[in-house]
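These notes concern the structure reproduced below.
The values are calculated or read from the model by the stated rules, or taken from the named source; none is laboratory data. Not measured: the values here are computed from a predicted model. As a convention, Cβ positions derive from the backbone with ideal geometry for all residues, glycine included, and neighbour counts pool all protein chains shown. All accessible areas refer to the heavy atoms of the entire protein, side chains included, with ligands and DNA or RNA removed. Shrake-Rupley method; radii C 1.70, N 1.55, O 1.52, S 1.80 Å.
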Amino acid sequence: MIPTRLPDSLIATLPGSSYSDPAVFAREQERIFETMWFCAVRSSELATPGAFRTVEVGRESILITRARDGSVRAFFNVCRHRGARLRTEEAGVVRRAFQCPYHAWTYDLNGKLVAAPNLTKMPDVDRTEFGLVAVATREWLGYVWVCPAENPPPFEDDVIGAVVGRLGDVESIEHYDVGNLTVGKRIVYDVGANWKLIVENFMECYHCATIHPELTEVLPEFADGYAAQYYVGHGAEFGEEIRGFTVDGSEGVDRIPGVSDDQDRRYYAITVKPQVFINLVPDHVIFHRMYPVAADRTIVECDWLYLPHVVESGEDVSRSVELFDRVNRQDFEACERTQPGMSSRMYARGGVLVPSEHHIGAFHDWVNERLGTPRP
């Protein structure tokens, strides 16, 4: 149990129920994931008109597609007639329209109702008003972001603002030209842990010396327990003998041309709440997206992004992929080791954060604020 009065060097975490109670998770779905910008898919996956993806955002299924004019559109994946899901598969392509398999109500790529049995006998039905309900979309960094809220928050504040708050300005991430990079490798992890445990793990490096031998070899300062995100604008410097961000420190692939000399040989980590991690190194970008599916389960999709010619030429990127794949697996194993303790009576009042983790307390305050839960 946490003592009634903590030493000044320690602050309390969230209680265990915050990570294990399905009722808490349900509130998070409603008040966090359904009200904020959610990074859903890589834009290149919607390469042609009619290409689509379905994504679970909070409690909602969202249908995302490319329209005829090249714009990205997103809709609630719910037929306006009797509520059937239009598409149940994760991805696919339609020629011209989405047709409900129940009663054949049909919608074009802009969401307008264009056909239905006996529709001509119902002249008072407005085909736009009874079209699919749109979801706000933005494309940035080569990804499609959606927000199911009726009044979405400003994208510039919540998403771009998170990057500026970490790097100091938006130009710093523009140097990496993330939107024009190509996916060289994607790994999907099924993690048996609460999404907040994964966020907290990514934000701190108190654990790095214990479980990340390969990472601390490449980034020696991480062995001291301070993560790159602890300082605004700071990038962790590669070790003197390290030639690239690879599992053995060997040379990487071609450096991204826009990366500045100040950014060379440095690693930057960014958290964009609620479900994105961005990792920047000189020759590639590692982009994580979390899909929370239960209080104790999270799907994490991780993309390794390189210059297009690196991927198209078949150049070997396995050493750079292996480094962060190991980091991911080490982190997720630690989160899965932690998850059972969240239901223990010994953790009912939570644990503690040491000084190098105090910035996680701000994340806990943010969660409490979103849920309307006062911090003890």
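If you scan the stretch 110-132, which residues turn out to be assigned to a loop (DSSP other than H, G, I, E, B), hydrophobic (A, V, I, L, M, F, W, C) and either more than 29 Å from the chain's Cα centre (by Cα) or loosely packed, with under 12 Cβ neighbours inside 10 Å (or both)?
Listed by number, the residues that qualify are Ala116, Met122, Val125, Phe130.
Given (1) open to solvent by less than 30 Å² (accessible area, probe 1.4 Å); (2) over 21 Å from His284 (Cβ atoms); (3) not hydroxyl-bearing (Ser, Thr, Tyr), where does Phe245 come up short, assuming only one miss?
The single condition Phe245 does not satisfy is (2).
Here's the yes/no breakdown for (1) in a strand (DSSP E or B); (2) open to solvent by less than 30 Å² (accessible area, probe 1.4 Å); (3) in contact (Cβ under 8 Å) with a residue 60 or more places away in the chain; (4) over 14 Å from Val253 (Cβ atoms):
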| position | (1), (2), (3), (4) |
| --- | --- |
| Ile278 | yes, yes, yes, yes |
| Ile286 | yes, yes, no, no |
| Val321 | no, yes, yes, no |
| Arg329 | no, no, yes, yes |
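Name every residue in the stretch 35-73 that is open to solvent by less than 20 Å² (accessible area, probe 1.4 Å), under 20 Å from the mean Cα position of the chain (by Cα) and of a type in the set (Gly, Ala, Ser), in order of residue number.
Ala40, Ser43, Gly58, Ser61
Within the stretch 201-222, which residues are open to solvent by 30 Å² or more (accessible area, probe 1.4 Å), farther than 17 Å from Tyr268 by Cβ and assigned to a helix (DSSP H, G or I)?
Once the filter is applied, which keeps residues that are open to solvent by 30 Å² or more (accessible area, probe 1.4 Å), farther than 17 Å from Tyr268 by Cβ and assigned to a helix (DSSP H, G or I), the stretch 201-222 yields Ala209, Thr210, Ile211, Pro213, Glu214, Glu217.
Just to be sure, is Gly179 within 16 Å of Tyr268 (Cβ to Cβ), open to solvent by 30 Å² or more (accessible area, probe 1.4 Å) and either in contact (Cβ under 8 Å) with a residue 60 or more places away in the chain or assigned to a loop (DSSP other than H, G, I, E, B) (or both)?
Judged against the criteria, Gly179 is not a match.
Restricting the first residue to the stretch 119-140 and requiring it to be of a type in the set (Val, Ile, Thr), which pairs with a second residue that is in a loop (DSSP other than H, G, I, E, B) meet a Cβ separation below 6 Å and a spacing of at least six or different chains?
Matching pairs, first to second residue: Thr128/Lys112; Val135/Pro148.
Give the residues of the stretch 182-200 that are part of a loop (DSSP other than H, G, I, E, B) and open to solvent by less than 10 Å² (accessible area, probe 1.4 Å), sorted by residue number.
Passing the criteria: Ala193, Asn194.
Looking at Lys185, Lys196, can you tell me which residue is farther than 24 Å from Ile64 by Cβ, basic (Lys, Arg) and at pLDDT 95 or above?
Unique residue meeting the criteria: Lys196.
Scan Glu315, Glu336 and give me the residue that is of a type outside the set (Gly, Ala, Ser) and outside any helix (DSSP H, G or I).
Just one listed residue meets the conditions, Glu315.
What's the number of the only condition in (1) open to solvent by less than 20 Å² (accessible area, probe 1.4 Å); (2) under 27 Å from Phe38 (Cα atoms); (3) assigned to a loop (DSSP other than H, G, I, E, B) that Gly233 fails to meet?
(1)
Pull up the stretch 138-175, narrow it to residues that are β-branched (Val, Ile, Thr) and in a helix (DSSP H, G or I), then point me to the one that is farthest from Phe52 (Cα to Cα).
It comes out as Val164.
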